[in-house]
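Written out below as structure tokens is the structure these notes cover.
The values are calculated or read from the model by the stated rules, or taken from the named source; none is laboratory data. Note that the coordinates shown come from a computational prediction; the quantities given were computed from them, not determined experimentally. Virtual Cβ from ideal backbone geometry, glycine too; neighbours counted across all protein chains shown.
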Amino acid sequence: MRRTTLTGLLALILCSPLAYGQHGADPCAASPITLCLNGNRFKVEVDWMTEAGHPGTVQDFDGSGSGRVIPVSDDWTGFWFFDPDNLEVAVHVFDDCAGGGKFWVFAAGLTDVETTLTVTDTESGQVSIYSSPDGTPFQPITDTNAFATCPGGQQKSAASKSIQTPQSAAENTTEAAGDCMESAGTSCLHDGRFEVSVETGDSTSPVQKLSGGTAGFPFINPTFFDLFVTINDGSSANGRYWVTYSMFDPLDFVLTVVDHETGETRIYTHTVSDPIYVQDRQAFSGDDALTIDGTLSGSWLGTERSGEGFIFDVAVVGGIPTLVLFYFTYENNNSGRQAWLVGSAPIIGNKASVPVIIADGAQFGPAMDPDSVNRMDWGNVKVSFNGCNNALVESDSPFFPAVRYELVRLTPAPTGVEGVCQSAVSVPVDTTIDGGYSGSWYQVARDGEGFIFNVAVIDGVNTLVVFYFTYENNTSGRQAWLVGSAPIIGNSADVPMVITDGTEFGAAFNPDKVVRTPWGNIKVTWSDCDLANIEVTSELFGDISFDINRLTPPTIGATGNCGGGE
């Protein structure tokens with residue numbers, strides 16, 4: 001399978017292997033990219049791949065990766081690819097051992113990117129693989145012979161599936177805007193903006209919200225979804241919200257979608273002669289989304305959450321505008337110890353949904369051994385920029401509780417970066433080190449730790465803000481992160497660093513419990529745009545000196561010495 005620079009970026013940051021499942025008879029272990037169904041017997045994974053120029057997808061880039069899990073029930077799962085609001089593939093493993101002596105695999109998709117679905121029976125080791133080509137709407141899978149691996153005893157029987165009946169003429173009407181109200185037959189998507197319901201004959205189908213932008217409709221069997229409907233934010237592609245729906249078999253129904261922001265309604269009357277995959281890319285008016293560029297790079301934090309925060313690096317990686325995200329926070333226990341997360345993802349419109357990893361196992365200083373670093377797929381962090389100084393962050397992790405809160409900009413845009421939030425004319429006179437030096441830096445022999453630099457004018461002074469993500473100076477293998485800032489003099493900055501502890505991740509975070517301890521100094525001296533020397537002086541951790549190289553390209557819009565950011 002082709003793998004691009006984009007999907008390899010996270011591997012470069014932490015030398016992490018790409019997350020493609022290893023198949024066999026090993027026990028199923030759930031993760032953000034793997035779900036275990038039917039009492040943890042079946043392991044389900046999805047890989048995706050796409051090329052630029054697809055008119056049917058909001059994203060427009062070459063890319064590949066693993067689908068991220070959306071749990072539904074013990075025998076249903078969903079996967080998203082680019083946005084956690086949008087379910088792309090739904091998978092159902094039926095237990096028909098009592099009826100036909102087999103397990104069935106059913107899958108439906110709301111995507112036309114290349115998709116590979118892998119289902120593994122972890123008891124027998126048998127693997128079933130299903131593929132859908134790039135540029136072709138995902139065709140439903142109804143494999144009633146998937147696994148002839150039933151146990152001797154009888155288990156629950158799959159209820160018979162209705163082979164009923166899809167095609168669409170959309171009618172436009174108007175309705176006064178109002179608040180969407182969830183009910184047994186109505187689902188409210190995208191934070192209540194869109195109301196979705198389906199009529200079948202003389203009755204309203206029940207509905208279940210499967211993600212922030214996707215609903216599933218069971219017509220006859222309440223445990224089986226016959227129809228999937230998703231609302232895609234296509235603002236970045238054509239300034240519209242899109243309606244996409246898919247089903248297993250040809251169906252008769254009437255789908256109604258109401259936009260409570262504008263009052264507009266779309267009605268899709270679908271018959272058995274219509275396609276089983278329908279996409280309306282002109283359905284509703286889109287948002288006037290902020291364009292993400294390098295002027296949004298830098299340090300951000302939640303209001304009333306001083307003591308943790310984010311640093312963003314916006315760069316073109318492999319031809320793709322990419323958000324590199326570092327989350328500096330704390331463990332999800334009562335230890336008060338630090339934790340850091342890192343990941344990257346393509347920017348789509350005004351947001352990026354970033355798969356992140358967490359690491360442990362290494363040690364600070366000369367004892368740093370990249371082979372000792374353990375990486376774990378932590379989950380996902382979605383960032384939506386609402387303005388030059390405001391953003392919304394949402395996380396989803398099976399290991400840490402979900403968070404959702406507003407971010408505000410802490411440091412100004414990088415020096416000499418031109419874009420939506422700043423003009424490059426603000427570069428100070430005689431600046432040698434400017435925003436083109438901002439971004440991610442590391443040493444290849446020390447994979448698993450690194451630095452994030454943000455060069456910005458703060459209170460009229462050209463300043464280097466440094467984040468150092470590393471490990472404790474003992475054999476615990478636990479993470480540590482340091483932060484500091486200092487004026488840039490010539491081609492270097494000598495930065496006093498601080499280490500923190502005392503609080504916890506998520507809702508339990510308390511800024512009053514954060515203890516800040518002076519840690520020592522990091523002197524950064526640049527030789528050129530791609531090479532710098534680090535000198536560490538710390539009574540707590542010890543002294544060390546080594547060279548580092550640029551990892552990510554210059555920030556988008558950089559115009560100074562290291563310009564060329566697209």
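On the stretch given as region 266-280, residues that are buried (at least 17 other Cβ atoms within 10 Å of the Cβ) and part of a strand (DSSP E or B) total 7. Of the residues contained in region 320-331, none is found to be at pLDDT below 90, of a type in the set (A, V, I, L, M), assigned to a loop (DSSP other than H, G, I, E, B) and at negative phi. When you scan region 291-322, how many residues do you find that are touching a Ser or Thr at 6+ places or on another chain (Cβ under 6 Å) and among the aromatic types (Phe, Trp, Tyr)? So the count comes out to 1.
Of these, VAL383, VAL373, VAL408, which one is under 16 Å from the mean Cα position of the chain (by Cα), assigned by TED's automatic domain parsing to the domain that holds ALA339 and of a type in the set (Val, Ile, Thr)?
On the way: VAL373 fails: under 16 Å from the mean Cα position of the chain (by Cα); VAL408 fails: under 16 Å from the mean Cα position of the chain (by Cα).
Matching residue, one of VAL383, VAL373, VAL408: VAL383.
The lone criterion from (1) at pLDDT below 95; (2) surrounded by fewer than 22 Cβ atoms within 10 Å (Cβ to Cβ); (3) of a type in the set (S, T, N, Q) left unmet by GLN443 is number (1). GLY448 meets each of the listed conditions (1) closer than 19 Å to SER297 by Cα; (2) within 23 Å of the chain's Cα centre (by Cα); (3) buried (at least 24 other Cβ atoms within 10 Å of the Cβ) apart from (1). Consider region 452-506 and keep the residues that are crowded, with 23+ Cβ neighbours inside 10 Å and of a type in the set (Gly, Ala, Ser). The one that is nearest to ASN332 (Cα to Cα) is ALA480.
Take SER197 and decide whether it is surrounded by 13 or more Cβ atoms within 10 Å (Cβ to Cβ), modelled with pLDDT of 95 or more and small (Gly, Ala, Ser). Spell out the reasoning first.
Values: surrounded by 13 or more Cβ atoms within 10 Å (Cβ to Cβ): yes; modelled with pLDDT of 95 or more: yes; small (Gly, Ala, Ser): yes.
Criteria met by SER197.
Name the residue that is modelled with the lowest pLDDT, counting only residues in region 48-75 that are assigned to a loop (DSSP other than H, G, I, E, B) and touching a helix residue (DSSP H, G or I) at 6+ places or on another chain (Cβ under 9 Å). Here the answer is PRO55.
Has region 206-226 got at least one residue that is among the acidic types (Asp, Glu), part of a loop (DSSP other than H, G, I, E, B) and surrounded by fewer than 22 Cβ atoms within 10 Å (Cβ to Cβ)? First the steps, then the outcome.
Looking only at region 206-226, we keep the residues that are among the acidic types (Asp, Glu), and these are 226.
Add one more test, that the residue is part of a loop (DSSP other than H, G, I, E, B), and what stays is 226.
Right, trim to surrounded by fewer than 22 Cβ atoms within 10 Å (Cβ to Cβ) and you get none.
Scanning region 206-226 turns up no residue that is among the acidic types (Asp, Glu), part of a loop (DSSP other than H, G, I, E, B) and surrounded by fewer than 22 Cβ atoms within 10 Å (Cβ to Cβ).
Can we say ALA532 is surrounded by fewer than 21 Cβ atoms within 10 Å (Cβ to Cβ) and assigned by TED's automatic domain parsing to the domain that holds ILE347? Talk me through it step by step, then tell me what you get.
Details: surrounded by fewer than 21 Cβ atoms within 10 Å (Cβ to Cβ): no; assigned by TED's automatic domain parsing to the domain that holds ILE347: yes.
So ALA532 fails the test.
I'm told GLU406 meets every condition in (1) assigned to a strand (DSSP E or B); (2) within 20 Å of ASN332 (Cβ to Cβ); (3) out of contact with any Phe, Trp or Tyr (no Cβ under 7 Å at 6 or more places or on another chain) except one. Can you identify the failing condition by its number? With respect to (1) assigned to a strand (DSSP E or B); (2) within 20 Å of ASN332 (Cβ to Cβ); (3) out of contact with any Phe, Trp or Tyr (no Cβ under 7 Å at 6 or more places or on another chain), GLU406 is out only on (2).
In region 76-110, which residue that is of a type in the set (D, E, K, R) and in a strand (DSSP E or B) is surrounded by the most Cβ atoms within 10 Å (Cβ to Cβ)? It would help to see each step written out before you state the result.
Let us first name the residues in region 76-110 that are of a type in the set (D, E, K, R), namely 83, 85, 88, 95-96, 102.
Filter once more, so that each one left must be in a strand (DSSP E or B): 95-96, 102.
Working: ASP95: 23, ASP96: 20, LYS102: 19.
The extreme case among them is ASP95.
On inspection, ALA413 passes the criterion of being part of a loop (DSSP other than H, G, I, E, B) and buried (at least 21 other Cβ atoms within 10 Å of the Cβ).
Here is a list: GLU261, GLU304. Which entry is part of a loop (DSSP other than H, G, I, E, B) and in the same structural domain as SER423 (by TED's automatic domain parsing)? Lay out the reasoning, then the answer.
Working: GLU261 fails: in the same structural domain as SER423 (by TED's automatic domain parsing).
Answer to the selection: GLU304.
Before we move on, is ASP512 of a type outside the set (Val, Ile, Thr) and under 30 Å from VAL420 (Cβ atoms)?
Spelling it out, it is not the case that ASP512 is of a type outside the set (Val, Ile, Thr) and under 30 Å from VAL420 (Cβ atoms).
Considering region 351-389, and only residues there that are aliphatic (A, V, I, L, M) and touching a helix residue (DSSP H, G or I) at 6+ places or on another chain (Cβ under 8 Å), the residue that is nearest to SER545 (Cα to Cα) turns out to be MET368. Of the residues making up region 112-132, one or more are under 21 Å from THR223 (Cα atoms), buried (at least 24 other Cβ atoms within 10 Å of the Cβ) and modelled with pLDDT of 90 or more. Which residues, taken from region 543-565, are surrounded by fewer than 15 Cβ atoms within 10 Å (Cβ to Cβ) and modelled with pLDDT under 95? GLY564, the sole residue that qualifies. Count of region 111-132 residues, restricted to those that are assigned to a loop (DSSP other than H, G, I, E, B), closer than 22 Å to VAL278 by Cα and touching a strand residue (DSSP E or B) at 6+ places or on another chain (Cβ under 6 Å), is 1.
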